[in-house]
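These notes are about the structure you will find just below.
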Amino acid sequence: MPRIPWYIWLSVIGVTSATIGAQWDISWHRSIGRDSFWTPAHIAIQLCGVIAGITCGYLILWVFGGICG
C-alpha cells in the first residue's frame, strides 16, 4: 500500500476545517447575528487558508528545486 504524503493529509484537514467552519458560521449568523472576526467559526475558516498557504508554499519550493528540495 503506497504511503500518503503529509501534504495530502494536511489538505484534507484544511478542507474539512473550512467546511465545518463555514457551516458553523452560517448557523451562528442565523441564530446570534453579526459577530467579530475572531470567533471559533472564523478561526476554523482562517485555518484552511493558513494550511493551504503552507502546503502550496512547500510544494512550489519542492517542485521548482527551492530550499525544500
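Some observations on this one:
- Residue selected from the range 53-69 under the condition of a type in the set (A, V, I, L, M) and more than 15 Å from the chain's Cα centre (by Cα), by the criterion modelled with the lowest pLDDT: Ile67
- Residue within the range 21-44 that is out of contact with any Leu (no Cβ under 9 Å at 6 or more places or on another chain), part of a helix (DSSP H, G or I), open to solvent by 80 Å² or more (accessible area, probe 1.4 Å) and in contact (Cβ under 8 Å) with a residue 24 or more places away in the chain present: no
The values are calculated or read from the model by the stated rules, or taken from the named source; none is laboratory data. Model, not experiment: these values are computed from the prediction. Cβ atoms come from the backbone with ideal geometry, glycine included; neighbour counts cover every protein chain shown. Just the protein is used for accessible areas: all its heavy atoms, side chains included, with ligands, DNA and RNA removed. Shrake-Rupley method; radii C 1.70, N 1.55, O 1.52, S 1.80 Å.
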